[in-house]
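A.B. asks: My questions all concern the structure below.
Bear in mind these aren't lab numbers, they're just calculated from the coordinates by the rules spelled out. Just so we're clear, the structure is a prediction, and the values are computed from it rather than from any experiment. Cβ placement follows ideal geometry from the backbone for every residue including glycine, while neighbour counts extend to all protein chains displayed.
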Amino acid sequence: MLRFSILVEHWDLYMQGFGHTIKASVLALIGSLALGTIIAIFRIAPIRPLNWIGTAYVEFIRNIPLVLIVFVFFMGLPAVGIRFDSFTAGTLGLMVYTAAFIAEAIRSGIQAVPKGQMEAARSSGLTYLQAMRYVILPQAVKIVIPPLGNQFINLVKNSSVLGVIAGLDLMYYGDLISSKTFVTFDVYIFVALFYLVLTIPLSLGVGYLERRLLKAR
Amino acid sequence: MDFAGAYAPAHLKFLLQGFLVTLEVAFISIVLSFIFGIVIGVIRYTKIPVLSQLLAVLVETIRNLPLLLIIFFTYFALPEVGLKLDKLYAAISALVIFESAMLSEIVRSGLQSIDKGQIEAARSSGLTYGQTLWYIILPQALRRMVPPIVSQFISLLKDTSLAIVISLPELMNHAQIINGRNVNFVIPIFILVAFMYFIVNYSLSLVSRRLEYRQR
């Protein structure tokens, strides 16, 4: 039987971790949406060198582990004099990693809009940017939302790597509580429940959006 | 930064040893997860009562948890209830638990993507349900599953680095041991390690893209 007294006695610590997990996820989401959009624009803009930069970013980042990226911010940059606290380093790592996946989601969403739309918009006198802004993007947004939702779920789960660098998140506090109480099993079950409180509603929401979008087509 | 010192032959050999453990763990895990993934996916597809609902809850729970937590759990928490695993087995079990759940979803959606007419045709030509599944549905679905399974394998290979929390002697762990010797090694080592992961994963992603292209 689970010892709920552990949860009650250490509620404040759990809440601290929970708060930081949410904070890291939300900050990294905002950052990676911005960075991911820029990379996606790089990848589809009709300018070759930008395409290369965008592709290189996505392919490189997607194929290396998140832990490595977080370590680069936590140990690599400090080695050349740029220092962050562990929470910031972890959040920046999450942002850089997730941006690659978000860029791909946005790019494929934009490219899913039929080519004729762009051609029609251009031939009715809109510039490339106007066509993007008023014709392509509004249609792409609908396609992009469910995969972005999935990326956010991954982000929440991935934020647990902050625990590896003592980044004050749920995993870190789980570790702290288990070393205070000498209990691991129950402590981590509660940590798991806190994650599920975040991820299950998100998954259900994304599933609902996906089904609605499928019907709308 | 000390590139020459960081790339000393002894360090390169040490990193390579770590990488072999990474590849070994990833390979064993993907094979086992593939088997479990197919079994769970088929059970959920055929909607065997009770079992199928039970697995649905289990799969959804696991998929919504961080893998890092599962690794902590198999290594630190299970001994508390009497199941003590060494680092290698703890890492492999955690990866298999997590990836089986992921792969079962790929299998299930692969099976569901096969036209229902195929089942009807097979059944009306006298095959049993089991035969239909084995000879008609699974072979077609498996072909469609190959690209997402390769992507999942790439994730798995990257995720082995999480086993650093239980100091499994894989690539990241060995990199960190070298980094601990001299702060000037950190950036050269990270660059090299990134390329090691990148080369293997990028090659895999090219294979997956090629397979996807050929199916069209």
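A.B. asks: Select, from A:Val187, A:Val206, the only residue that is over 19 Å from A:Phe18 (Cα atoms) and in contact with a helix residue (DSSP H, G or I) (Cβ under 6 Å, 6 or more places away or on another chain).
C.D. replies: A:Val206
A.B. asks: A further question follows. For the range B:40-64, give me the residue count where each residue is aliphatic (A, V, I, L, M), without any contact (Cβ under 8 Å) to a residue 12 or more places away in the chain and on the phi < 0 side of the Ramachandran plot.
C.D. replies: Going through the range B:40-64 one residue at a time, the tally reaches 4.
A.B. asks: Identify all residues within the range A:130-147 that are out of contact with any Leu (no Cβ under 8 Å at 6 or more places or on another chain) and closer than 11 Å to A:Glu210 by Cα; write none if there are none.
C.D. replies: Across the range A:130-147, the qualifying residues are A:Val144, A:Pro147.
A.B. asks: Just to check your reading of the model, which residue among A:Gly174, A:Gly149, A:Gly167 is surrounded by 23 or more Cβ atoms within 10 Å (Cβ to Cβ) and away from every other protein chain (no Cβ under 11 Å)?
C.D. replies: That would be A:Gly167, the only listed residue that is surrounded by 23 or more Cβ atoms within 10 Å (Cβ to Cβ) and away from every other protein chain (no Cβ under 11 Å).
A.B. asks: Is there any pair linking a residue in the range B:156-172 that is facing chain A (nearest Cβ under 7 Å) to one that is of a type in the set (S, T, N, Q) and surrounded by fewer than 24 Cβ atoms within 10 Å (Cβ to Cβ), with Cβ under 9 Å and at least six apart or on different chains, and which?
C.D. replies: Within 9 Å, the pairs are B:Lys158/A:Asn63; B:Lys158/B:Asn201; B:Ser161/B:Asn173; B:Ile164/B:Asn173; B:Ile164/B:Gln176.
A.B. asks: Related question: Out of all the residues in the range A:69-79, which are facing chain B (nearest Cβ under 9 Å) and touching a Gly at 6+ places or on another chain (Cβ under 9 Å)?
C.D. replies: Selection gives A:Ile69, A:Phe71, A:Val72.
A.B. asks: Still on this structure: Looking at B:Ala194, B:Ala175, which is the one that is over 18 Å from B:Ala91 (Cβ atoms) and touching a Leu at 6+ places or on another chain (Cβ under 8 Å)?
C.D. replies: Testing whether each residue is over 18 Å from B:Ala91 (Cβ atoms) and touching a Leu at 6+ places or on another chain (Cβ under 8 Å) leaves just B:Ala194.
A.B. asks: Pairs needed: first member in the range B:89-116, more than 25 Å from B:Leu133 (Cα to Cα); second member anywhere, part of a loop (DSSP other than H, G, I, E, B); C-beta distance under 6 Å; at least 6 residues apart or different chains.
C.D. replies: B:Ala91/B:Leu168
A.B. asks: Take the residues of the range A:80-96 that are of a type outside the set (D, E, K, R) and more than 14 Å from A:Ser160 (Cα to Cα): which is farthest from the other protein chains (Cβ to nearest Cβ)?
C.D. replies: A:Phe84
A.B. asks: More than 7 Å from chain A (Cβ to nearest Cβ), hydroxyl-bearing (Ser, Thr, Tyr) and buried (at least 18 other Cβ atoms within 10 Å of the Cβ): is that true of B:Ser208 in this structure?
C.D. replies: Taking the combined requirement at face value, the residue satisfies it.
A.B. asks: Taking into account only those residues within the range A:1-28 that are of a type in the set (A, V, I, L, M, F, W, C) and in contact with an Asp or Glu (Cβ under 7 Å, 6 or more places away or on another chain), which is surrounded by the most Cβ atoms within 10 Å (Cβ to Cβ)?
C.D. replies: A:Ala24
A.B. asks: Looking at (1) within 14 Å of chain B (Cβ to nearest Cβ); (2) more than 21 Å from B:Ile164 (Cα to Cα); (3) crowded, with 24+ Cβ neighbours inside 10 Å; (4) not hydroxyl-bearing (Ser, Thr, Tyr), find the lone condition where A:Ala99 falls short.
C.D. replies: (1)
A.B. asks: What's the number of the only condition in (1) within 14 Å of chain A (Cβ to nearest Cβ); (2) without any contact (Cβ under 8 Å) to a residue 12 or more places away in the chain that B:Pro139 fails to meet?
C.D. replies: Against the list (1) within 14 Å of chain A (Cβ to nearest Cβ); (2) without any contact (Cβ under 8 Å) to a residue 12 or more places away in the chain, B:Pro139 comes up short only on (1).
A.B. asks: Can you name every residue in the range B:177-195 that is at the interface with chain A (Cβ under 9 Å from one of its Cβ atoms), surrounded by fewer than 19 Cβ atoms within 10 Å (Cβ to Cβ) and in contact with a helix residue (DSSP H, G or I) (Cβ under 8 Å, 6 or more places away or on another chain)?
C.D. replies: Residues satisfying the conditions are B:Val183, B:Asn184.
A.B. asks: Next question, about the same structure. Could you tell me whether A:Ile61 is within 14 Å of another protein chain (Cβ to nearest Cβ), in contact (Cβ under 8 Å) with a residue 24 or more places away in the chain and of a type outside the set (Phe, Trp, Tyr)?
C.D. replies: When the stated conditions are applied, A:Ile61 passes them.
A.B. asks: Within the range B:16-113, which helices (runs of 4 or more DSSP H) (wholly inside it) include 2 or more residues that are buried (at least 21 other Cβ atoms within 10 Å of the Cβ) and either among the aliphatic types (A, V, I, L, M) or within 11 Å of chain A (Cβ to nearest Cβ) (or both)?
C.D. replies: Output list reads B:67-72, B:87-112.
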